[in-house]
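Take a look at the structure set out below.
The values are calculated or read from the model by the stated rules, or taken from the named source; none is laboratory data. Everything quoted here is computed from the prediction, not taken from an experiment. Note that each Cβ is placed from the backbone with ideal geometry, even for glycine, and that neighbours are counted across all protein chains shown. Keep in mind that these areas ignore ligands, DNA and RNA; they rest on the heavy atoms of the full protein, side chains included. Shrake-Rupley method; radii C 1.70, N 1.55, O 1.52, S 1.80 Å.
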Amino acid sequence: MIALHVAAGCGGTGRELAPYADLTALAGFVTRTLTLDPRRGGRLRIAESRGGLVRAHQLQNPGVDRFLTAELPWLAQQGVATWASVAGSSPADIAAVVRRLATAPGLSGIELNLAVDDAASQRLHDGSTPRGAAEAVRAVLDILPDNLALHVKLGADVRRLPAVARAVAEVGCDALVIGGALPAALDNGTPAELSGPAVLPVALRAVRTVRAELPEFPLVGVGGVATAADVRAFGAAGAGAVQVGSALLHDPSALARITSELEEQS
Ligand SMILES: Cc1cc2nc3c(=O)[nH]c(=O)nc-3n(C[C@H](O)[C@H](O)[C@H](O)COP(=O)(O)O)c2cc1C
């Protein structure tokens, strides 16, 4: 059966989701993206649209140090396979975040978030080019301890994906996370991302594109998953694992439902 993960940022700190889902049964629980310093979000952050959620993507997070003291210990105590999503303003800044996480007990891996669409305006390193992505991955690998795995999230832009995915695969990581949210805007013009049902076909195309470029490389698909059929569609496109995101905000018990649908139909 295809392994299920909670997508970055969609399971809160874990505590909010735990009453509705057995987090210990997941292949991975990905945190919201962590930066060295805390980041505050804007006042208007999220809205519903007919196709899914539109969310300002200011990478609101408490900062890596606060995550280590206030969130990771609980996840570790529950036995959740926790993946810390990380970003930073430069390869060195990303490495500084990872260095803080490297010795923390209870972490399974790092998900390097290179899927931010307008990195410069977010004060983030631009990982959308083969060179930029490779530099960031190299900086992480230089300090990553052997006990932590590395996933690299690359987004859904099929014009850039083949070259960027190849560059990252050549530097090395355990899997590429393909798909995710698409550039959008809130009604007041705030730059945002669209996620949910509308992005599923886009993410499937992205996974197929990378699968064609890298026939053997492990891929994790993300975008619009709400049913077992969606999970199987990602499997058919070439993903060995799938992340569930916005569906959890609509229905926090979606993971349990999808898992039992998959078991019934297998
Ligand atoms: C509320 C919310 C918060 C998110 N936070 C992050 C984040 O911190 N880092 C990240 O890489 N992606 C983040 N995402 C994007 C998701 O991880 C996922 O890639 C995207 O929503 C597409 O999957 P979905 O259609 O299943 O939601 C967030 C999405 C939502 C809805």
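Things worth noting here:
- Unmet criterion (only one of (1) aliphatic (A, V, I, L, M); (2) open to solvent by 40 Å² or more (accessible area, probe 1.4 Å); (3) modelled with pLDDT of 95 or more) for ALA185: (3)
- Residue count for the range 216-230 under the criterion of being farther than 12 Å from ALA165 by Cβ and open to solvent by 40 Å² or more (accessible area, probe 1.4 Å): the result is 3.
- Selection within the range 100-111 - of a type outside the set (Gly, Ala, Ser), open to solvent by less than 10 Å² (accessible area, probe 1.4 Å) and more than 7 Å from LYS153 (Cβ to Cβ): LEU101, ILE110
- The set of residues from the range 172-182 being within 12 Å of the ligand (Cβ to nearest atom), open to solvent by less than 20 Å² (accessible area, probe 1.4 Å) and aliphatic (A, V, I, L, M) comprises VAL177, ILE178.
To keep it simple, each residue is scored yes or no on (1) buried (at least 16 other Cβ atoms within 10 Å of the Cβ); (2) within 11 Å of the ligand (Cβ to nearest atom); (3) closer than 23 Å to ALA21 by Cα.
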{"residue": "GLY41", "(1), (2), (3)": "no, yes, no"}
{"residue": "ASP65", "(1), (2), (3)": "no, no, no"}
{"residue": "LEU75", "(1), (2), (3)": "yes, no, yes"}
{"residue": "GLY88", "(1), (2), (3)": "yes, no, no"}
{"residue": "VAL97", "(1), (2), (3)": "yes, no, no"}
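- In the range 199-210, the count of residues that are more than 14 Å from the ligand (Cβ to nearest atom), touching a helix residue (DSSP H, G or I) at 6+ places or on another chain (Cβ under 9 Å), open to solvent by less than 40 Å² (accessible area, probe 1.4 Å) and more than 27 Å from THR69 (Cα to Cα) is one or more.
- Of the residues examined, ARG159 is not one that is of a type outside the set (Ser, Thr, Tyr), assigned to a helix (DSSP H, G or I) and either touching a strand residue (DSSP E or B) at 6+ places or on another chain (Cβ under 6 Å) or open to solvent by 50 Å² or more (accessible area, probe 1.4 Å) (or both).
- Residues considered: ARG55, ARG138. Of these, the only one that is among the basic types (Lys, Arg) and surrounded by fewer than 22 Cβ atoms within 10 Å (Cβ to Cβ) is ARG138.
- Total residues in the range 231-260, condition away from the ligand (no atom under 14 Å from the Cβ) and polar (S, T, N, Q): 3
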